[in-house]
Structure formats: C-alpha cells, structure tokens
Amino acid sequence: MKSAVETLNPTRVRLTVEVPFEELKDSLDAAYKKINQQVTVKGFRKGKIPARVIDQRFGRGAVLEEAVNDALPKLYQQAVDEAEVSVLGQPEVDITELKDGETLNFTAEVDVRPALELPEEFSSIEVEVDAVEVTEEDLEKSVEQLRERFASTTPVERAAADGDVVTLDLEAKVEGEVLEDGVASGVSYTIGSGELLEGIDDAVTGLEAGGEATFTSELKGGTGAGKEAEVTVKVGQVAERELPELDDEFAQMASEFDTLEELRADSRKRLQEMKQYDQATQAQERVLEKLLDLVEVPVPEKLLDDEVNTRKHNLEHHQLGQMGLDLDKYLEIQGKTAEEFDAETREAAVKGIKTQFVLDELVKREKLNVNQEELTEHLMRRASSSGMSPDQFAQAVVEGGQVPLLVGEVARGKALALVVEAATVKDSNGEVVDLEDEDETETATETVEAAEGTAEAGEEQAQG
C-alpha cells in the first residue's frame, strides 16, 4: 500500500491511498465466507458454495463491495499511522478507482489536530488575583449563619412580621386553572428569606393565623415555570424565631469547641481556607486565559459545530429539562436573544476546544503521566458531583469506555498546574502568591473541566 498526505488547511488533510489488489485477499475471502452464510444455492450445502458460483449467481460486484467495506477501515487507519496525523472525527472517504484484480485507490479527507507552537517557558505570564483577607464582617456573617441554624421558634398569637416563621397553604392558578402541582400544604417559610415566591413577603406580613391573601407572581419551577400565576396563601401558624445567645454554651451546642473564642478561631480558619481555594481557582483561570492568548490555535469548523450542538443538547435536554423549562423560556428569563445565546455558546465552545488542544500539546511535550492514585482521586470527586457512589461511577465509566477521557482530564490539569507554577501570580496588594498545594492538580483539573465544559457532560454520559 502507498499513501500520501496533503494539508488542505491547518486543521484538515487529504490522504491519498493506493492499494495493490493482492492486499485485499483476506477481505475477499471474508466476503465470500459472509455471503456463503447468507444465501442458499440449490445443489450446494450452506456455507460450501464455490466462489465462481457466487460470482455467477450474485455478481462479482457484490463481493467486491463487501470486501472493500471490510478493508477500508483498516487501510484508512494504516494510512493515518503512516502520515503520523492526529485525526478528529470521521473521514469523508471517496473511492477513486477500483479495478478488479489490479488496484483499489481512495482518498480520505479528515479533520486533524493543528500543529501548535507553545512557548518554551511560561515565566512571562503574570496575573493578578484577589487578596486573601478575612474581615471581621466576614467572620460575624459566618457566625451569624451558624446561629441562625440553631434558632428556636415559639408560636405566637399576633400578626406575622419580618423574620417570623409562618406555616402556609398555597394554591397557584394560571389563567384561572389550578396547576396540577400548584397546591402545597404546611409549607414552613421565614418571612424575608426570599426562598419562595416574589411578593409573598408583602402578602403574609400583617396576617394572623387563619388569615388569607392573594397575589400575583412568576413561578420559578414546576409545570408553570416562568408563567404569571395568581397565588392564594393562607397562614396556618405564626411563630417567632429566637436566636441563641452568643456565648460559650452556644459554642458547645453548635460545635466541638468549649468556648466561643475557639469557635470564632475555627470559623476564621475555615474562611481563610475557602478564600485561598477561591484565589487558587481564580489564578488558574486567569493563567489559562493568558496561555490561550499566547498560542495561535486554529479550530476545525466541523468539530466546533459538533461541540456547539452538544452543549445546546445538554442544556435543553438535561439542565433545563430538570427545571421544567424550554430554551425559549430560559432565554426570556435570562434576558437574552437567540443570537446572543448562540454567540456565547460558540465562544465557550471555541475556548473549550482551544484549552484541550493547548494543554494536550503540553502534556505531550512534557511527557506528563497520570498515576493510579491521581486517577482514583479524580474519579471519586467526579462521582461525588454526579450524585453516584464511587463504585457505581467507576463501573459506569468503565462500561462506557470513558476511562481515557478521565485520564485526559487529569493530565490536562497537571499541565495547567505546571504553567501556573511557572507564572507570576500577585494579589491585589501587590504581594506574590505562593500557590503550591497538595491539591493543586485536582483544583487545576476542575478549572480545566469548567473551561472545556466537560464535567457535566461526562457525568451525563456516566449516568447513561
């Protein structure tokens, strides 16, 4: 077999392949065997029909077609290997010549990963991130949230006021009809929390137990999501919330600590860790943006179209479907036109493809490998975010042939971590930030997933 490769553009090639007829012998034998099993000829046992009889009765052309269909995938792959190109997607194959007993010639056009020129080193990359500062306001808010969790309620015989916990019966009508899922009883709601419907706070404030009010509001979920509804609300009970005193007794009740001072110190430490994590994620995102700016990355048009369609499908049939919304209603809620949505989706898809190309090239250049411990840690995190147990997720990943995808995600995370380590990261106070951490690869992997848009899609694939 002889093959040649022609570069049509930076992301597409044409392979021209010439195959001597003798190289089709195995495929011809397989074709005769297959046809033998499918047909019957009087006077011959099934599977024992001579080749000349098959040619006479069914035509040599049928045999050649079967043989070529069998041989093409192997011949194409051989040509790809010889050309040393990294193909993307399925090829467009055209048989240019087929002479029985002489030759088979064909061409195959296919998208390929573009050749990229990466910087030799990344020390020129410099980004600024938010400084890690835990203020007294941050600390007080954290402690107050914990205090809210341990609030007690006492029924009162008075009108409901802001901060009270009320028990409500609700009924929602759209265009005069009660919705199938528009009735709820015994709903507990804290006035002012903003956790239910817009307008409900004004409706129930001032009502005593047994009081009733009607108001209009746009429904957030269910069968009437996004529609204006007439909501009738009846108050069953009004209860006053009482927050515990901030003292050592509260610390002992709400935590493993003996004193309020120890509780505050632990809260400060947790806030510090959260802000450091956010800072690391911010650094990775900004370093990735700078890296992509440094590298010229052509994007195959068909690959881009496929990625855009995949993202739209995942949004419409998974995320919005679970919320009871269609795309038109989602765009209305977001205040976007279809054109703006398409442009944003396409921009995100371009970034995802470029991220994968650049980091994969870096993985290859730096010979980065993924060990079993790193893969297991990544798998467990993905399992947790998908709502599946690690064993269930691992089984689904293996059965779905997704293991190489997970390995690729971790490898790209390691590549990004390598760039971040070489870059200069300063906070908003001008201080150099040291981001070295044992979880740096995993957090970088999360950043890569977000940029590529692969995390949710991967979980949907794993869940079938």
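The values are calculated or read from the model by the stated rules, or taken from the named source; none is laboratory data. Since the model is a prediction, treat every value here as computed from it, not as a measurement. Note: ideal-geometry Cβ built from the backbone for every residue, glycine included; neighbour counts use all protein chains shown.
Being outside any loop (DSSP other than H, G, I, E, B), among the hydrophobic types (A, V, I, L, M, F, W, C) and touching a residue at least 12 places away in the same chain (Cβ under 8 Å) is the requirement here; does VAL178 meet it? Working first, answer last.
Values: outside any loop (DSSP other than H, G, I, E, B): yes; among the hydrophobic types (A, V, I, L, M, F, W, C): yes; touching a residue at least 12 places away in the same chain (Cβ under 8 Å): no.
So VAL178 fails the test.
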- Item | Pairs where the first residue, in region 55-83, is within 12 Å of LEU28 (Cα to Cα) and assigned by TED's automatic domain parsing to the domain that holds GLN37 and the second is in a helix (DSSP H, G or I) and among the polar types (S, T, N, Q), C-beta under 7 Å, 6+ apart | ALA67/SER27; ASP70/SER27; ALA71/SER27
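Can you confirm whether GLY413 is within 27 Å of GLN282 (Cβ to Cβ) and small (Gly, Ala, Ser)?
Details: within 27 Å of GLN282 (Cβ to Cβ): yes; small (Gly, Ala, Ser): yes.
Judged against the criteria, GLY413 is a match.
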- Message: Looking at region 21-47 only, could you name the residues that are under 47 Å from the mean Cα position of the chain (by Cα) and among the acidic types (Asp, Glu)?
- Response: GLU23, ASP26, ASP29
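Here is a check on your reading of the model: is ALA4 assigned to a helix (DSSP H, G or I) and surrounded by 13 or more Cβ atoms within 10 Å (Cβ to Cβ)? Show your work before the answer.
Numbers: assigned to a helix (DSSP H, G or I): no; surrounded by 13 or more Cβ atoms within 10 Å (Cβ to Cβ): yes.
Spelling it out, it is not the case that ALA4 is assigned to a helix (DSSP H, G or I) and surrounded by 13 or more Cβ atoms within 10 Å (Cβ to Cβ).
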- Message: Could you tell me how many of the residues in region 386-429 are among the small types (Gly, Ala, Ser) and not in a loop (DSSP other than H, G, I, E, B)?
- Response: 9
- Query: What number of residues within region 94-109 are free of Cβ contacts under 8 Å to residues at least 60 places away in the same chain, in contact with a Leu (Cβ under 8 Å, 6 or more places away or on another chain) and surrounded by fewer than 16 Cβ atoms within 10 Å (Cβ to Cβ)?
  - Reply: 2
- Query: Would a scan of region 236-247 turn up a residue that is among the charged types (D, E, K, R), part of a strand (DSSP E or B), in contact with a strand residue (DSSP E or B) (Cβ under 9 Å, 6 or more places away or on another chain) and closer than 30 Å to GLN322 by Cβ?
  - Reply: no
- Message: I need every pair where a residue in region 408-419 that is under 19 Å from GLN279 (Cα atoms) and assigned by TED's automatic domain parsing to the domain that holds ALA280 has its Cβ under 6 Å from the Cβ of a residue that is among the charged types (D, E, K, R) and part of a helix (DSSP H, G or I), sequence separation at least 6 or different chains.
- Response: ALA417/GLU440
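If only one of THR443, THR376 is among the polar types (S, T, N, Q), in the same structural domain as ASP293 (by TED's automatic domain parsing) and closer than 20 Å to MET274 by Cα, which one is it? Full working, then the answer.
On the way: THR376 fails: closer than 20 Å to MET274 by Cα.
From the options THR443, THR376, the qualifying one is THR443.
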- If a residue has to be exposed (fewer than 12 other Cβ atoms within 10 Å of the Cβ) and part of a loop (DSSP other than H, G, I, E, B) to count, how many in region 111-145 make the cut? 6
- Query: Could you list, in sequence order, the residues of region 93-110 that are part of a strand (DSSP E or B) and of a type in the set (D, E, K, R)?
  - Reply: ASP94, GLU97, LYS99, GLU109
